[in-house]
Amino acid sequence: MKIYIWLSEEMSRKLEELGLNYAREVLGGMKRIEIDVEQEIVEEIVKLFPNAKVDSSTTKSIELLPRSFKNEILRIIVEKRIEPKKALMEAIKRLKGDI
């Protein structure tokens, strides 16, 4: 399963300037970060965000995550200069109050 975070041109440029080349170009110049997540993490995310939708048939991704959560992941990536998966885990811990 994946989490897709679509990037604005500004954020894409910022990541590139910092040497954080995690984005993939997909649709005609549009870029996104793709984070692979294991089933346990998917379940944890769905508990935190009951409105999230797990699309196991077409996109194989978790959809309808709050923009604020995705922005927090991006903020952590930029601030701490860590890979997206580690930033995701930190964002989850913060939400749960573990940090």
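Quick notes on this structure:
- Beyond 25 Å in Cα-Cα separation lie the following of the pairs Lys53/Lys93; Lys2/Lys86; Lys31/Lys96; Lys14/Lys96; Lys14/Lys60; Lys2/Lys96: Lys31/Lys96; Lys14/Lys96; Lys14/Lys60.
- Net charge of the neighbourhood of Glu63, taken over other residues with C-beta under 11 Å away and scored Lys/Arg +1, Asp/Glu -1, is +2.
- Gyration tensor analysis over the Cα atoms of the range 1-94 returns equivalent ellipsoid semi-axes of 22, 16, 11 Å (largest first, whole Å).
- Farthest towards the positive end of the charge dipole of the chain, among the residues Gln39, Leu20, Ser68, is the Cα of Ser68, using unit charges on the Cβ of Lys, Arg, Asp and Glu.
- Solvent-accessible area per residue, Å², over the range 1-94 with all protein chains present [probe radius 1.4 Å]: 60 Å²
- Restricting the range 18-99 to GluC sites (Glu not before Pro) in coil, as DSSP defines it, with at most 13 other Cβ within 10 Å: Glu38
- Only protein atoms count toward the accessible area here, which uses a 1.4 Å probe; on the range 1-94, the carbon and sulfur part of that area reaches 49 percent.
- Placing a label point 7 Å from the Cα of Lys93 along the Cα-to-Cβ direction, the residues of the range 42-80 whose backbone N falls under 20 Å of that point are 42-49, 69-80.
- Choice from Ser57, Ser68, Ser12 with maximal GNM fluctuation in the chain (Cα, 10 Å cutoff): Ser57
The values are calculated or read from the model by the stated rules, or taken from the named source; none is laboratory data. None of the values given here were measured: they were computed from a predicted structure. A quick note on method: Cβ atoms are made from the backbone with ideal geometry, for glycine too, and the neighbour counts reach across all protein chains shown. Protein only, heavy atoms only, side chains kept; ligands, DNA and RNA dropped before computing areas. Shrake-Rupley method; radii C 1.70, N 1.55, O 1.52, S 1.80 Å.
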